[in-house]
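Structure first, then comments.
The values are calculated or read from the model by the stated rules, or taken from the named source; none is laboratory data. Fair warning: this is a prediction, and the values are worked out from it, not measured in the lab. Every residue, glycine among them, receives a Cβ derived from its backbone with ideal geometry; neighbour counts consider all protein chains shown. Ligands, DNA and RNA are excluded from the accessible area calculation, which covers all protein heavy atoms including side chains. Shrake-Rupley method; radii C 1.70, N 1.55, O 1.52, S 1.80 Å.
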Amino acid sequence: MTQKTQPFRNRLRHAFRRHYLLTLWLPFLVTVVALFASSLPYPWELHHLPIVFHGINLLGLLYLLVTAIVRLGNKRIAPGLVTLACLVLAILSFIPAMIAGGIAHWIYDDFASDLTIPDDIEISKPASNRPVGLGLATASDSFQRALLESLASPPPSGELTLSLPSLEALQADHPDLLLRFLAAHPGWRVYSERGARHATRRWRIKDRWRPRLHNYYSSFNSSDGPRFQSRTNIGLDGKSWARNLWGSSYQRILPGIPTQPKLKIGKSLVTSSIAVPVGDLLVEQFEQSETNSRPITTTAFEQLEVEFAALASDPTWEHARTLLPEDAITRDTSPSIDLFARSGNFDAHIRCNPGEPGSLYIKAREVTRDYLLSRQRLQTASNERVGWSDNPDELFLSATNFTIREGEGGQHYAANFEVWFQPDSGGPERKLLERIFRIQGWSH
């Protein structure tokens, strides 16, 4: 053993023997315990406790980090390394804590166990949201019909040449009209997520526009036709919705340049994730289909060009209204919110006209405790820029999908669903309408 290593080992041994309980080990233990405590389920009366424990955990991690930096900066190598090791262990504890918390949440949720539905309120029951096949027989919108028909006769495999000149021209010369058209069109959901605005294509299946989780539309049942999965998105701020989600299959290609698509060959379906910059926008098309050629991607860009070319031919709101589907604007009805439910998962269909540009979102409250249900998740999932006009008799559609996580399947309770509107003008948000439903939470 050399003379240099001997003092270092002595200092390291000294650090383990004498390290101060109040400056290292106790903060470390409190940090880890707080992490596990924050991941556990609590009765609804104690729902603020996880936030408190998260705060304690973050303060503990910050304390360990600062202590490690100070000790190493003062050349107290052995104590600094011990502190750094405690910090790493505290961070690594995150994984088992989240697993433990997830299992606990999975098997335990007493939110609705002792709730009763008051007899003195008017309450509605959500309609059933039974799954519907996505074959040609159920397609009632020209965009999705064209995509499904392309699967039956896919183009030859090879390079893709994709562009949307009409969309680029509209964004450059008439951005306000483009945004208003997308918001009023029931085939588009215009929303904000992770600080960026997006427009994602919605499908009309049989009798209504049906939102899906993140608006992925798929059919893996061969009896409905060729198997597929599709998602069409426009990044209105030029930002990607999918880059971090689609992984190695994500590919950005230049408009109008023939490019060989990057394919991910699976056991039965071939995946591609194409992003094309269109001026200040970013158009993304996810496709899974049975062939190496990209029928959905090619057809989606063709159909979008047709749609936006029609708008660009006469870029006025009066002309844009004539291009909207027949059910985009309804009359002779009152503003409304309807729910379609399946095991704690809901589609919300809202008809309203705020009379000015802006976005709406949903708040849901359990009526006896005035408890906000799935607060942040619900606002993120339900926010949508909605159509508007100066005629209050005209109503526009918002259709979103979300999950209420409080409660268990079979435990019904009353919840008031409120529709709130945030105007672009910067004025205060206001409640447009509300309705009480008898619901159950997502079945754990």
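Among the residues of region 1-14, is there at least one that is modelled with pLDDT under 70, part of a loop (DSSP other than H, G, I, E, B) and open to solvent by less than 60 Å² (accessible area, probe 1.4 Å)?
No.
Mind checking which residues of region 173-217 are within 23 Å of HIS319 (Cα to Cα), touching a strand residue (DSSP E or B) at 6+ places or on another chain (Cβ under 7 Å) and assigned to a loop (DSSP other than H, G, I, E, B)?
Listed by number, the residues that qualify are PRO186, GLY187, ARG202.
Go through region 353-409 and count every residue that is in a helix (DSSP H, G or I) and either of a type in the set (Gly, Ala, Ser) or surrounded by fewer than 22 Cβ atoms within 10 Å (Cβ to Cβ) (or both).
Looking only at that region, the number is 7.
Determine whether LEU148 is in a helix (DSSP H, G or I), among the aliphatic types (A, V, I, L, M) and in contact (Cβ under 8 Å) with a residue 12 or more places away in the chain.
Yes: the conditions hold for LEU148.
Kindly provide the set of residues from region 199-221 that are surrounded by fewer than 17 Cβ atoms within 10 Å (Cβ to Cβ) and not basic (Lys, Arg), ordered by number.
ASP207, LEU213, HIS214, TYR216, SER218, PHE220, ASN221, listed by residue number.
In this structure, is HIS47 surrounded by 12 or more Cβ atoms within 10 Å (Cβ to Cβ) and either modelled with pLDDT of 60 or more or over 20 Å from CYS86 (Cα atoms) (or both)?
So HIS47 fits the description; yes.
Quick one: count up the residues across region 212-222 that are more than 16 Å from the chain's Cα centre (by Cα) and in contact (Cβ under 8 Å) with a residue 12 or more places away in the chain. Spell out the reasoning first.
Taking region 212-222 as the starting set, the residues that turn out to be more than 16 Å from the chain's Cα centre (by Cα) are 218-222.
The next check asks that each one be in contact (Cβ under 8 Å) with a residue 12 or more places away in the chain; those that pass are 218-219, 221.
Residues flagged as more than 16 Å from the chain's Cα centre (by Cα) and in contact (Cβ under 8 Å) with a residue 12 or more places away in the chain within region 212-222 amount to 3.
Within region 410-444, can you find the residues that are in a loop (DSSP other than H, G, I, E, B) and open to solvent by 50 Å² or more (accessible area, probe 1.4 Å)?
Our first condition is that a residue be in a loop (DSSP other than H, G, I, E, B); within region 410-444, this holds for 410-411, 424-429, 441-444.
Within region 410-444, GLY410, GLN411, ASP424, SER425, GLY426, PRO428, GLU429, TRP442, SER443 meet the criteria.
Residues in region 398-444 that are of a type in the set (Phe, Trp, Tyr) and in contact with a helix residue (DSSP H, G or I) (Cβ under 6 Å, 6 or more places away or on another chain): how many?
Summing the residues that are of a type in the set (Phe, Trp, Tyr) and in contact with a helix residue (DSSP H, G or I) (Cβ under 6 Å, 6 or more places away or on another chain) in region 398-444 gives 1.
Just give me the residues in region 219-247 being among the aromatic types (Phe, Trp, Tyr) and modelled with pLDDT of 90 or more, in sequence order.
Residues satisfying the conditions are PHE228, TRP241.
So which of LEU164, LEU151, LEU147, LEU170 ends up being aliphatic (A, V, I, L, M), more than 29 Å from ASP314 (Cα to Cα) and surrounded by 19 or more Cβ atoms within 10 Å (Cβ to Cβ)? Explain how you work it out, then say what you get.
Details: LEU164 fails: more than 29 Å from ASP314 (Cα to Cα); LEU147 fails: more than 29 Å from ASP314 (Cα to Cα); LEU170 fails: more than 29 Å from ASP314 (Cα to Cα).
It is LEU151.
Could you list, in sequence order, all residues of region 123-144 that are open to solvent by 50 Å² or more (accessible area, probe 1.4 Å) and either in contact with an Asp or Glu (Cβ under 6 Å, 6 or more places away or on another chain) or at pLDDT 90 or above (or both)?
Those that are open to solvent by 50 Å² or more (accessible area, probe 1.4 Å) and either in contact with an Asp or Glu (Cβ under 6 Å, 6 or more places away or on another chain) or at pLDDT 90 or above (or both): ILE123, LYS125, SER142.
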